[in-house]
C-alpha cells in the first residue's frame, strides 16, 4: 500500500513537472525550436491525467461502464500514448541534431538525410518483426509498440552519442539547452532499455521498477525545466583548423549538394529576353570595336606601308 501511494505521488509529480517544463518552453519562446519536445511534454501530461482518472474510475466504479470496458480504455490509451511518445522522441533527436549542426550546413543536410533513412528503416523493421504467426489482438499491439520503443531507444542513443561528441566542436557548452535535451533523452532511452530487459527476466519485480522509473522520469523532467528556465550561454564562434574532419566533410557535403550548372544548347530566340535586355544588348553592340579588316584590306594596307 505504501509503494502504491509513493507510485501515485511520483505520477502526480511527473505531471506537474511536465506542465512546468512546457510552460517554461512557451514563456522562453523556445517552443518553435523544440516543437517536438513541446508536443512530447503535452502528450505525456495529458496521458498521465487521463490514465490517472481511468485508474481511479476503475477502482471506484464512477461510471456506468463495466470494469472490463474501463480497463480496455486504459489499455489502449496507455499503449497508443507509448507509441506516439516513441515517434516524438525520434523527432526530438532529429530537431536536436538539426540545431547542433546548424553552423555546418553541409553536414546538417547530409546528416538529416541519413537520419530520415535510418529512422524509416528502423521503424519498418520494428513493426515488421512484431507480426509473428501466433501474435494477434492486444498481444500484437504490445509487441509492435514494444519493438518500436526499443528500436527508437537504440537509434536515439546512437545519434545522441554523436551529438555529445560534437557539442564542443560545434561551439556549444554543457550548459546549453541542446545538451540538456540530449542528456535527458539519453537517460530516458537507457532507462527504457533497462526496463524492458528487467521486466523480461523479472516480471514479478514490476512494481519495484515502476518506482525507479518514476524517479528517473521526474529527474529528467526537472532537468529539462532547469535547462530552459536558466539563461543559456551564447554559442561560441566556430574556428576549425584546415585539417579538421568536420570542415572536410562539410565541404564535401556542400559540394555534393550543389545543383549542376545549365547551358543553353543551340540558338536562343529573342523572345526569351525582356525588351529592356534587348535594348541593353543593342546599345552594347554599338560600342563594340570595329571588326577586323578582310584579307583584301590587309593586303592593300601592307602594300601602302611598304611604299611609304
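The values are calculated or read from the model by the stated rules, or taken from the named source; none is laboratory data. Only a predicted model underlies this, so the values are computations on that prediction, with no experimental measurement involved. Don't worry about glycine lacking a Cβ; one is built from the backbone with ideal geometry, like all the others, and counts go over all protein chains shown.
Miscellaneous remarks
- Hits in the range 25-35 (condition: surrounded by fewer than 19 Cβ atoms within 10 Å (Cβ to Cβ) and in a helix (DSSP H, G or I)): 26, 27, 35
- Of all residue pairs spaced 6 or more apart or on separate chains, none has beta-carbon atoms under 7 Å together with a first member in the range 160-173 that is over 15 Å from residue 227 (Cβ atoms) and not assigned by TED's automatic domain parsing to the domain that holds residue 97 and a second member that is at pLDDT below 75 and part of a helix (DSSP H, G or I).
- Residue check, residue 30 closer than 24 Å to residue 161 by Cα and at pLDDT 75 or above: yes
- All helices (runs of 4 or more DSSP H) inside the range 155-259 with 2 or more residues being surrounded by 16 or more Cβ atoms within 10 Å (Cβ to Cβ) and modelled with pLDDT under 75: 245-257
- Some residue of the range 57-70 being farther than 23 Å from residue 218 by Cα, at pLDDT 75 or above, surrounded by 17 or more Cβ atoms within 10 Å (Cβ to Cβ) and assigned by TED's automatic domain parsing to the domain that holds residue 168: yes
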